[in-house]
Amino acid sequence: MAAHEGSEEAPTVSKNRRFRKDKRWKVDKFTEADNKGGTFLEESSFATLFPKYREKYLREAWSAVTKALDAHHIACTLDLIHGSMSVRTTRKTYDPYVILKARDMIKLLARGVAVGQAVKILDDGVACDIIKIGSLVRNKERFAKRRQRIVGPDGSTLKAIELLTQCYVLVQGSTVSVMGPYKSLKEVRRIVLDCMRNIHPIYRIKELMIKRELAKDPKLANESWDRFLPKFRRRHLKTSEKTARKNERLEAKNAERAAAGLEPITTTKPEKVYTPFPPAQLPRKIDLQLESGEYFLKPTEKKRREERERKQKQTETTAKRRAERAEAFVAPVESVAPTVEEKRKRKHGESETEGGKAGKKKKKRVRLEEGGAS
């Protein structure tokens, strides 16, 4: 009986799982006790330049930077003459990897990241990536438009990327600074580079949202998710397909116009008259010069003529601009208020006309009465 009770208390462990460790182990923070080698043999240092507009902010926030790096025994200097920041190890530094974290921190500060956010890079689980996008698009207008796509209207696209990837993203000039877990940095880099290659970030955001939902289902943990993910392909339409779509849109518009009682839109092109002969050849520049006589002029005469034309054009434009400027100073036509005498005369005239009309009416009445009496 006692043996039976003991067997119930001690659960049987499988032989296969006896020496197996749990994969979800906790990574302890690197402490001074973990550094068995003692102080470093050589000093390591990194420096980075920063733009002029960041100088004021860095000067104000440098005490916070020094305080954060002092906790890890890293020395830092701010050189305002050469416009650079530098970090270096000291005799007290025990973590060999923290100097690389400090290097990333000053890089982020130079790229416009705030001190409160840049300090988080010193944590073990946070990494950074500075994506250079300046050389991916040559046209400046196109580059600005595609860079704005990453931010989105009122920063909505950037916020969606940050929420889905758990990263901090800052678009600044010709670079995109990203801070977050290692796995998420790859996703953000892919989104940014695809956006600069004219693939809208919304497609990648949709993919991430679907993956997020699929990760919740334990049944699909060991299956491929390709069948669930949307496939966006570039497909160039044929001319016939384009024409068909255009006609469909026109029909829909005409149906709406007919319902509103308006005339339909017609796209009848004017008929071209066919002529077997080619069009007449346009005159060359030399031919036009020969006709006007400019071809036979001497170089000095040509120069004089060009200067005369240029001066004439300048005088015309200046006269036009002066006239446009003078329009602003022309006083508008104002109605002058009548004087007291004018008001009296007007009143007197009105009263006279009224009196004359009343006298005429009385005379007519008298005549009518006389005629009736007779």
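Bear in mind these aren't lab numbers, they're just calculated from the coordinates by the rules spelled out. Quick caveat: nothing in here was measured; it's all calculated off a predicted structure. Note that we place each Cβ from the backbone using ideal geometry, even for glycine, and neighbour counts take in every protein chain shown.
Tabulated data for the structure shown
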{"item": "Point-to-point label distance, THR300-LYS216, nm (Cα→Cβ direction, 7 Å offset)", "result": "9.1"}
{"item": "Dipole axis of the chain (+1 Lys, Arg; -1 Asp, Glu on Cβ), positive-most option in ALA328, LEU58, PRO270", "result": "PRO270"}
{"item": "For the range 125-230: relative contact order, % (alpha-carbon pairs under 8 angstrom, 6 or more apart)", "result": "30"}
{"item": "Gained length - ALA280 relative to TYR203, 0.36 nm times residue gap less alpha-carbon distance", "result": "22.4 nm"}
{"item": "Cα-based convex hull, the range 28-124, per residue volume (Å³, whole number)", "result": "88"}
{"item": "Rounded to 10°, Cα long-axis angle of helix 55-70 versus longest principal axis of the chain", "result": "20"}
{"item": "Residue-span extension gain [ALA323 to THR243] - 0.36 nm each, minus C-alpha spacing", "result": "23.7 nm"}
{"item": "Relative contact order for the chain, counting Cα pairs under 8 Å that sit 6 or more residues apart, in percent", "result": "8"}
{"item": "Projected label distance in nm at SER156 and GLN312, using a 7 Å step from Cα toward the beta-carbon", "result": "5.8"}
{"item": "Stokes-Einstein diffusion coefficient of the chain, Kirkwood radius over Cα pairs, 10 °C, 1.306 mPa s, in µm²/s", "result": "48"}
{"item": "The range 28-124: relative contact order in percent, alpha carbon pairs under 8 Å with at least 6 residues between", "result": "34"}
{"item": "Loop-exposed GluC sites (Glu not before Pro) per DSSP, neighbour cap 11 Cβ within 10 angstrom, longest uninterrupted part of the chain", "result": "43-222"}
{"item": "Estimated 222 nm signal from helices in the chain, with DSSP H stretches of n ≥ 4 weighted -39500 (n - 2.57), rounded to 500", "result": "-16500 deg cm²/dmol"}
